[in-house]
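A short worksheet on the structure shown next.
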Amino acid sequence: MSFKRYLGPAITIKRAIDRQLYAINTSRKNLIISFREWMSLVRRINSHDLTTGILNSSSRDLWVQKVLGEVPARSRLLDAGAGEQKYRSFCSHLEYSSQDNAAYDGQGDGHGGHVEGWTYGLTDYICDIVSIPAESESFDAILCTEVLEHLPDPIAAVTELTRLLRPGGLLLLTAPFCSFTHFSPYFYSTGFSQNWYLHHLERLGFTNIELTPNGNFFEYLAQEIRRLPKASADYTLHNDSWKVRLATLTLLIFLKKCSSEDTGSSAYSCYGWHVKAVKGANAEQDGE
């Protein structure tokens, strides 16, 4: 009788342990399956065949390389707001000078996006871009890329660049059409439209203004969707999952199809505008 009295509880405990072990084993298997599915989706999202939303910077680089390559050899070029002088390597045929306020340290005030390890090259003019200590009409070409959104007064900056450019000289500009906080506290504008460039460059006396869209609405939207996992990790308690990745992949595939059949959505939104303009003979007077 004594043996039977203890046998029942022992069997009950064993069954409970078995259930727990089964649940743990099932959970472990499900986690492995989920992780494999997540990794598979990550690989598909980052595959070379799905470039939707990742060509912002590389497309801009190609455009800058092309237009700088068209500048006649030994021309005097100013890289305004040069930062790390990313495009200096494209200027070996030119007399290259750089300008920057050299204030950003890679961390800023900690808000928004930052680039750790940010370093400036040897900078010729360390100063405010609206007051560069160089003679008027000193340069044959001026390059200013991804700078305007970081300036309290971008119109004053473009006016100063106009002063420094000789008549017939080339002004090359890029800036985001729409962007979120980055390099804060040196961030003031969310972006610049084609109308902004046309209005102010025409007012300053520029001619032959060419505006080339970088990407389109679908590419821009894909870029921001790709940023969702990091944003959710940084600003919420939600972690990325295979279900989120599946939804992301589905949207990116759809946006890729839309982008391939695009009929002009860049007029609605895009990464930004690439601007090439020639300073007119009377531009300096118009800019005063």
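Before we move on, is S57 more than 25 Å from I126 (Cα to Cα) and free of Cβ contacts under 8 Å to residues at least 24 places away in the same chain? Please lay out each step first, then the result.
On the way: more than 25 Å from I126 (Cα to Cα): yes; free of Cβ contacts under 8 Å to residues at least 24 places away in the same chain: yes.
Yes.
In the list T119, T123, which residue meets the criterion of being of a type in the set (S, T, N, Q) and farther than 22 Å from R74 by Cβ?
T119
Among the residues in the stretch 153-166, are any on the phi > 0 side of the Ramachandran plot and of a type outside the set (F, W, Y)?
Checked the stretch 153-166: no residue is on the phi > 0 side of the Ramachandran plot and of a type outside the set (F, W, Y).
I'm checking my understanding of the structure. Among residues of the stretch 190-243 that are more than 30 Å from P167 (Cα to Cα) and of a type in the set (D, E), which one is modelled with the lowest pLDDT?
D240
Does any residue in the stretch 119-138 that is in contact (Cβ under 8 Å) with a residue 60 or more places away in the chain come within less than 8 Å, Cβ to Cβ, of a residue that is open to solvent by less than 70 Å² (accessible area, probe 1.4 Å) and acidic (D, E) six or more places away or on a different chain, and which pairs are these?
Note: pairs meeting the criteria are S136/E284; E137/E284.
Filtering the stretch 242-287 down to residues that are among the charged types (D, E, K, R) and under 23 Å from the mean Cα position of the chain (by Cα), which residue is nearest to G168 (Cα to Cα)?
K276
Somewhere in the stretch 45-58, is a residue open to solvent by less than 30 Å² (accessible area, probe 1.4 Å), assigned to a helix (DSSP H, G or I) and closer than 22 Å to L164 by Cβ?
No, there is no match, as no residue in the stretch 45-58 is open to solvent by less than 30 Å² (accessible area, probe 1.4 Å), assigned to a helix (DSSP H, G or I) and closer than 22 Å to L164 by Cβ.
So which residues in the stretch 136-155 are hydrophobic (A, V, I, L, M, F, W, C), in a loop (DSSP other than H, G, I, E, B) and in contact with a helix residue (DSSP H, G or I) (Cβ under 6 Å, 6 or more places away or on another chain), if there are any at all?
Passing the criteria: only L151.
Suppose we keep only residues that are in a loop (DSSP other than H, G, I, E, B) and either among the basic types (K, R) or free of Cβ contacts under 8 Å to residues at least 12 places away in the same chain (or both) within the stretch 61-86. Which one would you say is surrounded by the most Cβ atoms within 10 Å (Cβ to Cβ)?
Per the stated criteria, the residue is K86.
Can you tell me which residue in the stretch 61-101 is farthest from L161 (Cα to Cα), limited to those that are under 20 Å from the mean Cα position of the chain (by Cα) and of a type in the set (G, A, S)?
Out of the qualifying residues, it is G83.
Going by the conditions given, is L41 open to solvent by less than 40 Å² (accessible area, probe 1.4 Å), more than 14 Å from A141 (Cα to Cα), modelled with pLDDT under 95 and not in a helix (DSSP H, G or I)?
Considered against the rule, which asks whether it is open to solvent by less than 40 Å² (accessible area, probe 1.4 Å), more than 14 Å from A141 (Cα to Cα), modelled with pLDDT under 95 and not in a helix (DSSP H, G or I), L41 comes out as no.
Give the residues of the stretch 251-288 that are part of a strand (DSSP E or B) and touching a helix residue (DSSP H, G or I) at 6+ places or on another chain (Cβ under 8 Å), sorted by residue number.
Correct list: G272, W273, H274, V275, K276, A277, K279.
For the stretch 139-149, what are the residues that are closer than 13 Å to F192 by Cα and either free of Cβ contacts under 8 Å to residues at least 24 places away in the same chain or open to solvent by less than 30 Å² (accessible area, probe 1.4 Å) (or both)?
T145, V147, L148, E149
Limited to the stretch 114-131, what total is found for residues that are over 19 Å from R88 (Cα atoms), surrounded by fewer than 13 Cβ atoms within 10 Å (Cβ to Cβ) and out of contact with any Gly (no Cβ under 8 Å at 6 or more places or on another chain)?
Within the stretch 114-131, residues that are over 19 Å from R88 (Cα atoms), surrounded by fewer than 13 Cβ atoms within 10 Å (Cβ to Cβ) and out of contact with any Gly (no Cβ under 8 Å at 6 or more places or on another chain) number 1.
Filter the stretch 238-250 for residues that are in contact (Cβ under 8 Å) with a residue 60 or more places away in the chain and assigned to a helix (DSSP H, G or I) and give the result.
Within the stretch 238-250, W242, R245, L246, T248, L249 qualify.
The values are calculated or read from the model by the stated rules, or taken from the named source; none is laboratory data. Remember, predicted model here, so these are calculated numbers, not experimental data. Counting neighbours? That spans all protein chains shown, and the Cβs are built from the backbone with ideal geometry, glycine included. Heads up: the accessible areas ignore ligands, DNA and RNA and are worked out on the full protein's heavy atoms, side chains in. Shrake-Rupley method; radii C 1.70, N 1.55, O 1.52, S 1.80 Å.
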